[in-house]
Ligand code: UD1
Ligand code: CA
């Protein structure tokens, strides 16, 4: 998703560094996974923050890690390999985290430092851009992003002096009853002039309820040496809300989804039911796509113009061509051609390629298979490790027996093939161009182009078997009645 009015990312801001705090434990998530690696809209919390940091085009991005450092570092090298990662030592607190982050910056860096938390995923680059501009336009040593919250519980409160500037920040756990009534909260997002911050951080102690080195204590220290600290309130509190537990994770996910859905609506996508449509941050949609209720688009899914997707469809890393129709389908790493039709009730597994105007119909599972342009697998089939040419029709109930218990083997079906219903293609096997197969055929040998393959045993009818073996049953009576009718109609 591209942002609204973001700063210009094409020119590096040499006077800007961003420190991303990601060392905390996140105990309230009650998870074996580090908090900042929990995901929304197909990206980790940290991933969202790093993408936003990158949009500011800073000269330096530093991520501070400690808890579950190895998995957090592995993730960072996946999503943003060129940033600096530093370890926080065993001194706890956001102040210590920033102190080690600053130590990683070049000693001669004398610009501004943006501090963001790895657990605040909804904050966007445009808002950070405004914060930076505000800070640079004034003379404050620090400018923090605040918000007025209906329920400020859990947040640090912004205590303002009589001159309106920020006097100090008090954490929830250290606040007096009076201070707890303050509704302006600290978002945990700041811009500092690096010099004063560098000087004051070593003076921050741990004499507080949590025995941690609070970054927020720098505010009072800066005031103490005659510096100003300003606070810029955001209008929308949700933008700075942190994710500390799974309730907040779901709220943030819903909010982010609303933003993404709205973005695509304004880009020309019809979304019948925004509340049940979930679109990941990295999905791309063209104009005149229509999404029906219950559609989830995940990963790098890409949908071309005029395609209609849903209802009740999940596409993961899947491409859908122009004007295709995909209904009640689950697809992963599949490519669906222009004008093709998929579902209802289709299961496309990785490596499925459906050509233009092709069809994968009802109760059909496909895997690692190419179905050529105009070819159809309309009903009740499993097609695996298969190549189908163009304009062929695979009969209802066809199964490719691709696995011999040891190896997976390929089936190759030519173009303009007409295979009968209820076939088994025992791989490896080839069916030539223009060939036919009879209903019920088990194709074990290659079928030459233009041939008809049949291998079912000739049908034998044992007349009177029911009367002889099942006398007195409803079937026997029905048979007797039918033969009376026959003889009557023959008598006429
Ligand atoms: C912090 C602020 C609080 C603010 C709130 C906004 C402090 C002392 N308090 O509180 O004023 O209202 O954010 O969401 O800063 N982290 C580290 N190292 C640590 C501890 C934390 O890197 O030793 C990281 C965490 O991974 C997280 C961020 O810092 O990304 C914030 O930590 P968290 O424990 O969630 O702080 P809050 O209690 O929410
Ligand atoms: Ca937090």
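The values are calculated or read from the model by the stated rules, or taken from the named source; none is laboratory data. Given the structure is predicted, the values throughout are model-derived calculations rather than measurements. Every residue, glycine among them, receives a Cβ derived from its backbone with ideal geometry; neighbour counts consider all protein chains shown.
Observations
- Of the residues making up the range 156-211, those that are assigned to a loop (DSSP other than H, G, I, E, B) and either free of Cβ contacts under 8 Å to residues at least 40 places away in the same chain or not assigned by TED's automatic domain parsing to the domain that holds residue 224 (or both) number 12.
- Qualifying residues in the range 72-114 (those that are under 32 Å from the mean Cα position of the chain (by Cα) and within 9 Å of ligand 1 (Cβ to nearest atom)) - the one farthest from residue 142 (Cα to Cα): 88
- Matching residues, the range 238-267, being assigned to a helix (DSSP H, G or I), more than 16 Å from ligand 1 (Cβ to nearest atom) and more than 17 Å from the chain's Cα centre (by Cα): 265, 266
- Filter pass, residue 126 being away from ligand 2 (no atom under 16 Å from the Cβ) and either touching a helix residue (DSSP H, G or I) at 6+ places or on another chain (Cβ under 7 Å) or not assigned by TED's automatic domain parsing to the domain that holds residue 22 (or both): no
- Members of the range 224-235 that are without any contact (Cβ under 8 Å) to a residue 60 or more places away in the chain and in a loop (DSSP other than H, G, I, E, B): 225, 226, 235
- The one condition in (1) away from ligand 2 (no atom under 16 Å from the Cβ); (2) crowded, with 18+ Cβ neighbours inside 10 Å that residue 24 fails to fulfil: (1)
- Condition met for residue 14 (in a strand (DSSP E or B), modelled with pLDDT of 95 or more and either away from ligand 2 (no atom under 16 Å from the Cβ) or crowded, with 16+ Cβ neighbours inside 10 Å (or both)): yes
- For residue 63, the conditions (1) more than 24 Å from the chain's Cα centre (by Cα); (2) within 11 Å of ligand 1 (Cβ to nearest atom); (3) touching a residue at least 40 places away in the same chain (Cβ under 8 Å) all hold with the exception of (1).
- Residue in the range 140-150 that is assigned to a strand (DSSP E or B), within 27 Å of residue 41 (Cα to Cα), under 25 Å from the mean Cα position of the chain (by Cα) and within 16 Å of ligand 1 (Cβ to nearest atom) present: no
- Filter pass, residue 433 being in contact (Cβ under 8 Å) with a residue 40 or more places away in the chain and at positive phi: no
Condition check ((1) crowded, with 20+ Cβ neighbours inside 10 Å; (2) more than 18 Å from residue 289 (Cβ to Cβ)) across all residues:
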{"residue": "301", "(1), (2)": "yes, no"}
{"residue": "314", "(1), (2)": "no, no"}
{"residue": "347", "(1), (2)": "no, yes"}
{"residue": "355", "(1), (2)": "yes, yes"}
{"residue": "375", "(1), (2)": "yes, yes"}
{"residue": "378", "(1), (2)": "no, yes"}
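- Single condition residue 213 does not satisfy, out of (1) surrounded by 16 or more Cβ atoms within 10 Å (Cβ to Cβ); (2) in contact with a strand residue (DSSP E or B) (Cβ under 7 Å, 6 or more places away or on another chain); (3) at pLDDT 95 or above: (2)
Yes/no matrix, rows are residues, columns are (1) within 23 Å of residue 28 (Cβ to Cβ); (2) buried (at least 17 other Cβ atoms within 10 Å of the Cβ); (3) away from ligand 2 (no atom under 16 Å from the Cβ):
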| position | (1), (2), (3) |
| --- | --- |
| 55 | no, yes, yes |
| 66 | yes, yes, no |
| 75 | yes, yes, yes |
| 80 | no, yes, yes |
| 88 | yes, yes, no |
| 99 | no, yes, yes |
| 114 | no, yes, yes |
| 119 | yes, yes, no |
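- One residue alone among 235, 223 is away from ligand 2 (no atom under 16 Å from the Cβ) and either at pLDDT below 95 or in contact with a helix residue (DSSP H, G or I) (Cβ under 8 Å, 6 or more places away or on another chain) (or both), and that residue is 235.
- If you go through the range 146-189 and pick out every residue that is surrounded by 18 or more Cβ atoms within 10 Å (Cβ to Cβ), within 14 Å of ligand 2 (Cβ to nearest atom) and closer than 25 Å to residue 50 by Cα, you end up with 8.
- Positions within the range 85-122 being touching a helix residue (DSSP H, G or I) at 6+ places or on another chain (Cβ under 8 Å) and part of a loop (DSSP other than H, G, I, E, B), in sequence order: 88, 89, 105, 109, 110, 111, 118, 119, 120, 121, 122
- The residue that is farthest from residue 244 (Cα to Cα), counting only those in the range 27-53 that are under 15 Å from the mean Cα position of the chain (by Cα) and within 16 Å of ligand 2 (Cβ to nearest atom), is 48.
- Criterion violated by residue 74 - all others in (1) free of Cβ contacts under 8 Å to residues at least 12 places away in the same chain; (2) more than 20 Å from residue 33 (Cα to Cα) satisfied: (2)
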